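For reference, the structure discussed in these notes is given below.
Derivation of every value follows stated rules applied to the coordinates shown; laboratory data play no part. Because the structure is predicted, anything quoted here is derived from the model rather than measured. Here the Cβ positions follow ideal geometry from the backbone for every residue, glycine too, while neighbour counts run over all protein chains shown.
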Amino acid sequence: MSASKLVKPNAAYKQSYLEALDEFHAEGRYKSLSRSEIEKNFDKYVEELNTGKRYLRRPFVDWVEPVPETVLWLVKKDEYIGSITIRHRLNWHLEKWGGHVNFTIRPSMRKKGFGKKILQKGMPYICYLGIDRALVLVDPLNIAGQRVVEFCGGEFQDETQKTDRFPARKRYWLQCG
Ligand SMILES: CC(C)(COP(=O)(O)OP(=O)(O)OC[C@H]1O[C@@H](n2cnc3c(N)ncnc32)[C@H](O)[C@@H]1OP(=O)(O)O)[C@@H](O)C(=O)NCCC(=O)NCCS
């Protein structure tokens with residue numbers, strides 16, 4: 001049986017990535033990513049992810065300043081399963097919403113252990129990027145997300161309250177070294 005692995009975004013996974021994007025859209029996620037645009041310009045999209053240019057187009061009004069990020073895809077048997085995004089540092093916005101690390105598994109592949117896998121496999125990359133401790137923010141209602149972070153050694157700090165701009169979040173720290 002082939003193992004799952006983290007790879008740089010790659011046009012070889014185009015078909016399954018687009019199918020996954022349909023699944024994400026169906027659950028209301030990543031609405032700012034246009035499927036037709038991405039399908040038409042997939043090579044460019046992949047290049048932008050790999051050269052760290054996509055973050056410059058973030059739609060967040062509160063973003064304040066761009067932060068470089070590394071995006072990796074979890075794949076298995078030539079199929080896209082999920083993404084992990086590692087921000088190289090925090091900014092004002094990311095401290096409250098986003099954190100250093102974000103991971104997502106496509107809906108049809110959830111509850112099979114891939115959530116744990118993607119963060120577990122992402123840890124060496126987080127540390128390699130020189131992040132001594134990585135902030136992960138999880139919705140208090142998101143039990144699966146919390147279990148994944150705890151499985152990977154995340155230390156719970158506290159729970160932030162909802163504000164006008166930001167939702168409530170549980171704050172965890174992942175330690176390197
Ligand atoms: C969070 C997420 C990545 C988990 O992915 P997954 O592939 O289902 O995770 P796993 O299969 O590794 O399951 C991890 C644990 O969560 C549990 N779990 C999974 N889905 C669950 C759910 N809907 N409700 C409660 N527990 C759940 C699993 O049983 C497992 O528990 P265990 O520790 O007892 O074994 C996935 O739900 C997702 O992509 N959600 C949207 C994005 C997100 O919330 N990201 C996390 C914040 S950055």
> Restricting attention to the range 146-172, which residues are more than 14 Å from the ligand (Cβ to nearest atom), surrounded by 14 or more Cβ atoms within 10 Å (Cβ to Cβ) and under 20 Å from the mean Cα position of the chain (by Cα)?
Replying inline: Phe166
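Yes/no matrix, rows are residues, columns are (1) buried (at least 21 other Cβ atoms within 10 Å of the Cβ); (2) small (Gly, Ala, Ser):
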| site | (1), (2) |
| --- | --- |
| Glu79 | no, no |
| Arg89 | no, no |
| Phe103 | yes, no |
| Pro107 | no, no |
| Lys112 | no, no |
| Gln120 | no, no |
| Leu129 | no, no |
| Ala134 | yes, yes |
>> Return the residues of the range 108-140 that are more than 13 Å from the ligand (Cβ to nearest atom) and not in a helix (DSSP H, G or I); say none if nothing qualifies.
In response: Leu129, Gly130, Ile131, Asp132, Arg133
